[in-house]
Amino acid sequence: MPRVTRPGRTLVTIAVLLLAINLRPVVNALGAVVPELRDATGLPAGTTGLLLSLPTLAFAVMGLAAPALAARIGPHRTVVVALTALLVGQLVRAAVPGVPALFAGSLLALAGIAVANVLMPGLVRLHFPDRIPLITAAYTTLLTIGGAAAAGLTLPVQRGLGGDWRLGIGLWAATAAVALIPWLLLIRSPAGPTAAGTRLPLRMLARTRVAWALALFFAGQSMVAYVVFGWLAEILVDQGMTDTAAAAQVSIAIAVGIPLAALVPNLLGRTRHPGALVVALASCYLLAFAGLIVSPTDPVWLWSILIGVGTGAFPLALTLIALRARTGLATTSLSAFTQCAGYLIASVGPLGFGLLFDLTGAWTVPLLAMCGVVVVQIGAGLLAVRPRYVEDELPAT
């Protein structure tokens with residue numbers, strides 16, 4: 001692997017961390033304004049569920065392009081393309097009136113995130129092969145901070161500026177513009193490593209146990225997370241809380257995940273019993289959902305904290321992706337399969353959750369369905385933490 005100079009590594013570190021901050025505000029800012037958005041547009045629960053399912057659908061489909069783009073134009077230029085789509089998409093959905101523009105702008109922004117999501121583990125493997133848990137912990141921590149900020153600050157800042165929900169979701173385009181700067185500097189640099197290794201066809205990965213274990217684990221944690229962050233505020237508002245107070249609970253859940261994002265990758269590298277980590281994190285989700293069924297608002301802070309701990313499955317999944325392949329491009333390929341298959345499966349979550357509520361008129365059945373998803377997540381996670389490389393399971397050619 002080509003040697004990276006200290007200034008080059010510093011710039012890459014800054015670029016990766018700024019990119020991470022932008023990988024959740026598009027989703028979480030929308031979740032924060034859902035009650036206001038529904039009042040303003042009249043969207044029914046089913047259509048709102050479809051809007052909230054766009055992230056998983058976009059990540060499932062559009063992330064597939066990331067390995068080919070990275071192999072053809074390089075990972076740094078691919079990130080620039082992704083951030084540009086993220087910036088323009090946010091501006092479209094905030095500035096152009098009408099529900100179709102809301103959906104179209106969201107899809108464009110989410111396409112950028114989808115590509116960046118897939119690239120992240122490969123970038124870490126490429127630039128920091130000796131520090132995978134450390135850098136994964138750093139970028140997942142900032143990713144979580146970005147999500148918490150979007151969930152907690154969108155409504156207060158929007159209302160402080162005297163704007164509506166469109167201003168709230170448009171504010172975060174500014175952070176995408178800032179994140180573009182170091183990546184533009186990187187693509188102008190004459191030196192630096194290129195994507196290393198061989199791109200693995202997704203059809204080959206589909207024949208390995210490693211890839212499917214990771215995909216199912218990723219699917220379970222993604223489905224639960226997007227249901228929670230998309231619907232928790234609505235559940236609590238339905239129980240009599242104000243939209244600001246409900247959004248604050250979502251922010252609490254995300255904020256609790258911040259130290260977990262920093263701790264879980266390092267815990268995975270040190271523990272002799274990674275399966276216990278999988279079970280412990282998932283059990284927090286089960287307790288939280290049981291609490292929301294039995295006593296939704298008392299003590300709501302406890303359910304929010306337990307949900308936040310459960311989100312530690314996300315940095316665990318990303319760390320496992322980076323540890324289950326030997327090279328940068330192979331990691332990017334494995335990341336594409338894991339995240340695209342995982343998000344495709346997870347995409348039924350927010351929509352199905354909304355439809356179950358429409359059918360039953362209550363939140364009990366949808367929450368019980370999420371408990372079933374968590375059980376599947378546990379089983380897949382126990383398989384995914386077994387130490388092995390995906391290259392060792394590839395079919396002979």
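Every read-out reported here was derived from the displayed coordinates using simple, explicitly stated rules and does not represent laboratory data. The model shown is predicted, which means the values in this text are computed figures rather than measured ones. Note that each Cβ is placed from the backbone with ideal geometry, even for glycine, and that neighbours are counted across all protein chains shown.
At a Förster radius of 22 Å, what calculated FRET efficiency corresponds to the Cβ-Cβ distance of Leu302 and Val157, to the nearest 0.05? Please report the intermediate quantities before stating the final value.
Numbers: r = 28 Å, r/R0 = 1.25.
The computed FRET efficiency comes out at 0.20.
Compute the FRET efficiency between Arg72 and Leu287 as 1/(1 + (r/R0)^6), taking r as their Cβ-Cβ distance and R0 = 45 Å, and round to the nearest 0.05. Could the numbers behind the result be given before it?
Details: r = 47 Å, r/R0 = 1.03.
It comes to 0.45.
From the square roots a ≥ b ≥ c of the eigenvalues of the alpha-carbon gyration tensor of segment 36-177, which class results: rounded (a/c under 1.5), prolate (a/b over b/c), or oblate? Provide the component values of the computation, followed by the final result.
Working: a/c = 2.19, a/b = 1.65, b/c = 1.32.
In terms of gyration-tensor shape, prolate.
Placing +1 on the Cβ of each Lys and Arg and -1 on the Cβ of each Asp and Glu in segment 6-393, which of Tyr139, Ala58, Gln239 has its Cα farthest towards the positive end of the resulting dipole?
In segment 6-393, that residue is Tyr139.
Ala95 to Leu185: extension gain in nm, 0.36 nm per residue of separation minus the Cα-Cα distance? Kindly include the intermediate steps, with their values, before the conclusion.
Numbers: separation 90, 0.36 × 90 = 32.40 nm, distance 2.89 nm.
Extending this stretch completely gives an extra 29.5 nm.
Tell me, what ³J(HN,Hα) does each residue in segment 307-319 have, in order and in whole Hz, if you take phi through Karplus 6.51 cos²θ - 1.76 cosθ + 1.60 with θ = phi - 60° and put x for Gly and Pro?
My calculation for segment 307-319 gives 4, x, 5, x, 5, x, 5, 5, x, 4, 5, 5, 5 Hz in order.
How far is it, in nm, from the label point at Ala40 to the one at Thr10 when both lie 7 Å from their Cα along the line to the Cβ?
Inter-label distance under the simple model: 4.3 nm.
Lys/Arg Cβ at +1, Asp/Glu Cβ at -1, dipole of the chain taken about the Cα centre: which of Ile252, Val365, Ala45 is farthest positive-ward?
Of the options given, the answer is Ile252.
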